1. Have a look at G33, H64, N18 and report the one farthest towards the positive end of the charge dipole of the range 17-74, computed about the Cα centre with Cβ charges (Lys/Arg +1, Asp/Glu -1).
2. Which value, in debye to the nearest 20, gives the size of the charge dipole of the range 5-55 about its Cα centre, when Lys and Arg are +1 and Asp and Glu are -1 at the Cβ?
3. I need the peptides 16-29, 35-48 ranked by packing, meaning the mean over residues of other C-beta atoms within 10 angstrom, with the highest value on top.
4. If you take the Cα atoms of the range 17-74, find Rg, then find the Kirkwood Rh from the mean of 1/r over all pairs, what is Rg/Rh?
5. Pull up all non-local amide H partners of I14: gap of 5 or more, or a different chain, and H-to-H distance under 5 Å with H placed in the peptide plane.
6. With θ set to phi - 60° and the Karplus curve 6.51 cos²θ - 1.76 cosθ + 1.60, what are the ³J(HN,Hα) couplings of the range 19-32 in order, to the nearest whole Hz, using x for Gly and Pro?
7. Compute the relative contact order of the range 17-74 as a whole-number percentage, counting only Cα pairs closer than 8 Å that sit 6 or more residues apart in sequence.
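Only the coordinates and a few stated rules stand behind these numbers; no lab work does. Keep in mind the model is a prediction, meaning the values are calculated, not measured. Note that we place each Cβ from the backbone using ideal geometry, even for glycine, and neighbour counts take in every protein chain shown.
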Amino acid sequence: MWMGNEGGNLPLYICLCNALTDRKVKQAVTEAGTLRPGEVYAACGCRAQCGQCVKAVVALVRDHVRNQGEAQLQGAD
């Protein structure tokens with residue numbers, strides 16, 4: 001039976017070559033302030049191998065930054 005990741009409790013692997021998860025990417029963006037894929041990989045202690053994950057990393061960084069901005073705006077009330 002497939003349980004899925006509906007609650008977001010499980011890490012989602014973004015890069016299989018480096019075992020890089022969505023949590024690690026978000027942590028790199030938050031803690032190191034990285035926005036470029038190369039900076040994200042470096043902050044995670046790795047580098048792109050096959051390159052298949054780069055688009056997913058870029059999308060995840062953009063979503064995370066957008067969500068952080070919205071959260072800050074909501075707290076400004």
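1. N18
2. Roughly 140 debye for the range 5-55.
3. Descending mean neighbour count gives 16-29, 35-48.
4. 0.98
5. Residues meeting the criterion, in which the H sits 1.01 Å from N, are L20, T21, D22.
6. Using θ = phi - 60°, the values come out as 6, 8, 9, 4, 5, 5, 5, 4, 5, 4, 5, 6, 7, 9 Hz.
7. Numbers: 40 pairs, mean separation 22.0, N = 58.
Value for the range 17-74: 38 percent.
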